[in-house]
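**Student:** Pasting a structure below so you can have a look.
The values are calculated or read from the model by the stated rules, or taken from the named source; none is laboratory data. These numbers come from a predicted model, not from an experiment. Positions of Cβ are generated from backbone atoms using ideal geometry, with glycine treated the same way; all protein chains shown enter the neighbour counts. The protein model used for the area step is the full one, side chains on, heavy atoms only, and it has no ligands, DNA or RNA in it. Shrake-Rupley method; radii C 1.70, N 1.55, O 1.52, S 1.80 Å.
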Amino acid sequence: MTENVQTLNEQEAIAAWNAALDRIEDQPSWIAAARQAIIDAGLVFQGTPACRVARPRLMAADQMAVDERVITAATTALLAAGRRLLADHTLRRACLGGWVDDGPFADLFYLDPGYSPEIVFGRFDGVRRADGLQLIEFNGGVPGGAAPNDLTAGVMQAWSPFRSLAERYTVEVPAIGPCVIASLLDAWHDFGGTGSPFVVFAVPNELKDRIAPGLRFFLALAARQGLETVMVDPGELTRQAGALWLGDRRVEVVVRVFFTSMLASLGERIEPLMAAVRAGEVCMATSIRSGLYGHKSLFAVITDPDIALDLPVEQRQLAMQHIPWTRVLADRETTGPEGDRVKLLQYAGQHRAELVLKPADGTGGAGVVLGWETAAEPWRDALHHALGQGVWILQGRVPLTTEAFPLLEPGFPKVAFQDDHNPIVCNGRIAGYMVRLSATSGITNLSTGTGSVTAAFLVSGRSSGY
């Protein structure tokens, strides 16, 4: 069962926004203009507007401070889990298979990236519930979701309901993109660089159709701030005279915009880049090691009391309060969600309605099996299939919350969407949130075809009158 967990302050702000929508006189013209603004902003996914709703996610401003404490604990736990896996070959094999050890660039997982914090930026996927933010997984690298939030926020700030809300409340609109650029520069300066570097976003050609639309947002933002950036296939980079080059330009910072699991398949195309990284000739802001922190098995390391971590007890306890029970799928005994000893496969077969099965290195919701939407026999088949297909994890179900959003259609009909609430982190701090909505599925990725994005606004205070 899903729950609605809004505070009274949020409910009042939502009512004020909805009332302002109702006061719009020429709705068809207003809606047509709003839809066109969304398209003009580049908020298009697979040919359709990525934002289908007429309201942002409104949340109490003081909630961000609460979430910040959770994110600090979770990030600290991820780093501790990564250190433990890199130091323990047996545990590493059990949790990662050959993901680290069997590739040609295994040594780079152990290389100090040359800056702190190790996680320059990334995104936690989560759900904000009555018991706090629940974090489902972590996505390292350039944070997908920054562009949808910032672009949607820019469109919605021009709407009359925003102006009406701002007359009654203090409304903060987090801008994530500038925080991403700032953290990139911080990494460069901590690396020992000075001034404004030449930055290359390394995107393999086979990923450009998928990644380029969102990445152009960062390129344009960097240009407005006077930072020179370019997007190229990593095979276009060369190494000579103790430096990395793009044509006749020396490259000072590289942002790796491809999955760590692609390292082997890219082969010779990334040899110059990797050699320059090994030699400390270039600052790679999304280090190879940072890719480890996005591997879903790290949540299994964090939440398994059988695995010791170099982490203060209170930090680990706080992280475990906000990360669901997670285990690497195997035919073994372990600690169950209630602290009792269970046979993992047997437990999984008996508790499918409480579990999710997913590939530990999957992306975009691919391969995810929701136990509560799966019959007993297909669930058992999925479990046994996964046992022979690399590393998979079982994770405790985190029910999505539901919230009614007005559609961007005449009359602004209210539709109950399941939603997630995903903090985007820069230098260990929350820069803002990516909010995804789904009308039909427990998976909120836009690739399901039923979803929408919206912006997250922070609301505080209330004026007299309503």
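**Student:** Pairs on different chains or at least eight residues apart, Cα atoms closer than 29 Å: how many lysine pairs in the chain fit?
**Tutor:** For the chain, qualifying lysine pairs total 5.
**Student:** Length gain on complete extension for the stretch Glu25 to Glu172, per 0.36 nm per residue less the alpha carbon to alpha carbon distance?
**Tutor:** Full extension of this stretch gives 50.2 nm more.
**Student:** Stretch Gln321-Asp306 to full length: gain in nm at 0.36 nm per residue minus the Cα-Cα span?
**Tutor:** The Gln321-Asp306 span can extend by a further 3.7 nm.
**Student:** Using modelled amide H (1.01 Å from N, peptide plane; none on Pro or chain starts), what sits under 5 Å from the amide H of Asn139, excluding residues fewer than 5 places away?
**Tutor:** Long-range HN contacts for Asn139: Arg123, Phe124, Asp125.
**Student:** Please list, in order along the stretch 385-390, the HN-Hα scalar couplings obtained from phi with the Karplus expression 6.51 cos²θ - 1.76 cosθ + 1.60 (θ = phi - 60°), rounded to whole Hz, x for Gly and Pro.
**Tutor:** 5, 5, 4, x, 10, x
**Student:** Amide H to amide H, which residues 5 or more places from Val44 or on other chains are under 5 Å from it, using H placed in the peptide plane?
**Tutor:** For Val44, the qualifying residues are Ala50.
**Student:** Follow-up question, since we're still on this one. Taking the stretch 119-208 on its own, what percent of its Cα-Cα pair distances exceed 23 Å?
**Tutor:** Of the Cα pairs, 47 percent sit more than 23 Å apart.
**Student:** Hey, another quick one. Given a Förster radius of 60 Å and the C-beta distance between Arg341 and Ile39 as r, what FRET efficiency does 1/(1 + (r/R0)^6) yield to the nearest 0.05?
**Tutor:** Efficiency for this residue pair is about 0.60.
**Student:** Let me ask something additional. Just want to confirm a number: the relative contact order over the chain, from Cα pairs under 8 angstrom separated by 6+ residues, in percent.
**Tutor:** Averaging sequence separation for qualifying contacts and normalising by length gives 27 percent for the chain.
**Student:** What's the percent breakdown of Cα-Cα distances in the chain across 20 Å bins, shortest bin first?
**Tutor:** Distribution as computed: 24, 55, 21, 0 percent.
**Student:** Could you tell me which trypsin sites (Lys or Arg not before Pro) in the stretch 258-337 are loop residues by DSSP with no more than 14 other beta carbons within 10 angstrom of their beta carbon?
**Tutor:** Filter output for the stretch 258-337: Arg332.
**Student:** When the chain is fully extended, how far beyond the present Cα-Cα distance does Gln11 get from Arg250, taking 0.36 nm per residue of separation?
**Tutor:** That works out to 80.7 nm of additional length.
**Student:** Given the DSSP H assignment, sum -39500 (n - 2.57) over each helix run of at least 4 residues in the chain and divide by its residue total; what's the result at 222 nm in deg cm²/dmol, nearest 500?
**Tutor:** Mean residue ellipticity, 222 nm, calculated: -11000 deg cm²/dmol.
**Student:** How large is the accessible surface per residue of the stretch 121-191, computed with a 1.4 Å probe and reported in Å² as a whole number? Could you put the intermediate results ahead of the total?
**Tutor:** Working: 2260 Å² over 71 residues.
Value returned for the stretch 121-191: 32 Å² of accessible area per residue.
**Student:** Using a probe of 1.4 angstrom, how much of the accessible area of the chain is carbon and sulfur, in percent?
**Tutor:** Of the solvent-accessible surface of the chain, carbon and sulfur hold 51 percent.
**Student:** Along the charge dipole of the chain, pointing to its positive end and built from +1/-1 on Cβ of Lys, Arg, Asp and Glu, which listed residue (Ala65, Tyr169, Ser116) has its Cα farthest out?
**Tutor:** Tyr169
**Student:** Can you tell me the dipole magnitude for the chain around its Cα centre, using point charges on the Cβ only (Lys, Arg +1; Asp, Glu -1), in Debye to the nearest 20?
**Tutor:** For the chain, the charge dipole is close to 240 debye.
**Student:** How high is the FRET efficiency between Ala65 and Glu314 when r is their beta carbon distance and R₀ equals 22 Å, given to the nearest 0.05? Write out the running numbers ahead of the final one.
**Tutor:** Numbers: r = 18 Å, r/R0 = 0.82.
The formula returns an efficiency of 0.75 here.
**Student:** What is the set of long-range amide H partners of Ala404 at a cut-off below 5 Å, with H atoms built 1.01 Å from backbone N?
**Tutor:** Phe417
**Student:** Using the Karplus curve 6.51 cos²θ - 1.76 cosθ + 1.60 with θ = phi - 60°, work out ³J(HN,Hα) for each residue of the stretch 256-263 in order, rounded to whole Hz, and write x for Gly and Pro.
**Tutor:** Residue by residue, the stretch 256-263 yields 6, 10, 7, 5, 4, 5, 8, 3 Hz.
**Student:** Mind listing the lone cysteines of the chain, meaning no other Cys beta-carbon sits under 4.7 Å from theirs?
**Tutor:** Singleton cysteines: Cys51, Cys95, Cys283.
**Student:** Could I ask something else about it? Cα gyration tensor of the stretch 338-381, axes a ≥ b ≥ c as square roots of the eigenvalues: rounded (a/c below 1.5), prolate (a/b > b/c) or oblate?
**Tutor:** Oblate, since a/c reaches 1.5 and b/c is not below a/b.
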